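Peer 1: If you scroll down you'll find the structure; I have some questions about it.
The values are calculated or read from the model by the stated rules, or taken from the named source; none is laboratory data. Please read all numbers here as calculations on a predicted model, not as lab measurements. A quick note on method: Cβ atoms are made from the backbone with ideal geometry, for glycine too, and the neighbour counts reach across all protein chains shown. Ligands, DNA and RNA are excluded from the accessible area calculation, which covers all protein heavy atoms including side chains. Shrake-Rupley method; radii C 1.70, N 1.55, O 1.52, S 1.80 Å.
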Amino acid sequence: MESLPPKYKTFRIVLSRGAKVCKSKEIAAVDQRAQPKSGDATLNLTSTLERSASGFGFDEKIYKLSLLRINNRAPLHREKKIGSAYINLADYACSENGREDSKIAVSIQDSSTPAWLSISVCMSTSKRQNIDFSDNSSEASGF
């Protein structure tokens, strides 16, 4: 994570779509940069991607990626959203090795400079055999 707001020292990343929500562990920042420890910023969600009507690619599947600041001294409202961005999982679905690395600009409230999050989207197909996926959970994707 780069270009983080200088007045905050601890952050959390949240990935959400409707009722599906995944949060990272707390991530400490130094000099407006943060390099999470292995696994601290890993977010795992299960999602279904449907083939587009044209047969090429997938229909869009939009997720919200939010950046929260954490104030450990606050008794209430310890976490506060300071920025967000939207990503379409379908954009990452056709990578050759099932993994796509990207940088996402997150618009920060009260700032003209975005924060940058480096993400890796990993996807794999599920083996469907007469299983009811009506709850929209089949193909795994992880950040």
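Peer 1: So how many residues does the stretch 106-140 have that are of a type outside the set (Gly, Ala, Ser), closer than 17 Å to residue 66 by Cα and either at pLDDT 85 or above or not in a loop (DSSP other than H, G, I, E, B) (or both)?
Peer 2: Here the count works out to 9.
Peer 1: Take the stretch 72-100 and flag every residue that is at pLDDT 85 or above and loosely packed, with under 15 Cβ neighbours inside 10 Å.
Peer 2: Of everything in the stretch 72-100, those that are at pLDDT 85 or above and loosely packed, with under 15 Cβ neighbours inside 10 Å turn out to be 78, 80, 81, 86, 88.
Peer 1: If you take the residues of the stretch 101-112 that are under 13 Å from the mean Cα position of the chain (by Cα) and not small (Gly, Ala, Ser), which of them is least open to solvent (accessible area, probe 1.4 Å)?
Peer 2: Among them, the one singled out is 106.
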